[in-house]
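Participant: Quick one: this structure, given as structure tokens, is what I'll be asking you about.
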Amino acid sequence: MPTTYPTSLTTVPDNRWDAEKFADRGIERPAEGRPVAVADFVLTAESAEQAELRLLSYIDNDYEDDLRGATATAAEEAAPGRWRVTLRVPGEF
């Protein structure tokens with residue numbers, strides 16, 4: 001189940017949980033509603049829920065993006081302890 005911003009964000013450590021953006025999937029333009037920017041990240045976490053929260057915390061801390069309504073969904077472990085997380089950010093693009 002995706003985690004939606006805003007939520008209780010965690011403090012971001014100096015290593016940023018080794019977060020890396022590995023795919024920019026572009027802008028989805030639904031028939032109704034706002035366009036959505038979609039990107040995939042990978043980061044270190046112990047569970048899908050922790051990975052989602054960490055990604056939202058990382059983006060909120062390091063970027064000036066407006067995350068209102070953003071969701072983070074951890075689909076699968078990319079490697080043991082490393083989660084692939086899809087970030088979806090609605091906006092005007």
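The values are calculated or read from the model by the stated rules, or taken from the named source; none is laboratory data. Model, not experiment: these values are computed from the prediction. Positions of Cβ are generated from backbone atoms using ideal geometry, with glycine treated the same way; all protein chains shown enter the neighbour counts. The area values use the complete protein model at the heavy-atom level, side chains included, leaving out ligands, DNA and RNA. Shrake-Rupley method; radii C 1.70, N 1.55, O 1.52, S 1.80 Å.
Participant: Add -39500 (n - 2.57) for each DSSP H run of 4 or more in the chain, then divide by its residues: what number comes out at 222 nm, to the nearest 500 deg cm²/dmol?
Facilitator: -5500 deg cm²/dmol
Participant: In addition: Please compute the net charge surrounding residue 7, taking Lys and Arg as +1 and Asp and Glu as -1 over other residues with Cβ under 11 Å from its Cβ.
Facilitator: Residues near residue 7 contribute -3 overall.
Participant: Helix 48-62 sits at what angle to the longest principal axis of the chain, using alpha carbons and giving 0 to 90 degrees rounded to 10?
Facilitator: In the chain, helix 48-62 runs at an angle near 70 degrees to the longest axis.
Participant: While we're looking at this one, here's another question. What are the equivalent ellipsoid semi-axes of the chain, built from the alpha-carbon gyration tensor (square roots of five times its eigenvalues), in whole angstrom, biggest first?
Facilitator: They are 21, 14, 12 Å, listed largest first.
Participant: Shifting gears a bit: Got a number for carbon plus sulfur as a percent of the range 26-77's accessible area, 1.4 Å probe?
Facilitator: The nonpolar share, carbon plus sulfur, comes to 42 percent.
Participant: Apply the a/c threshold of 1.5 to the C-alpha gyration tensor of the range 1-49 and tell me whether it is rounded, prolate or oblate.
Facilitator: It is prolate, given that a/c is not under 1.5 and a/b is the larger ratio.
Participant: Right, something else. Report the label-to-label distance for residue 4 and residue 79 in nanometres (one decimal), using points 7 Å from each Cα along the Cα→Cβ vector.
Facilitator: For residue 4 paired with residue 79, the spin-label model returns 3.5 nm.
Participant: Rounded to the nearest whole Å², what accessible area per residue is found for the chain with the 1.4 Å probe?
Facilitator: Heavy-atom SASA per residue in the chain reads 60 Å².
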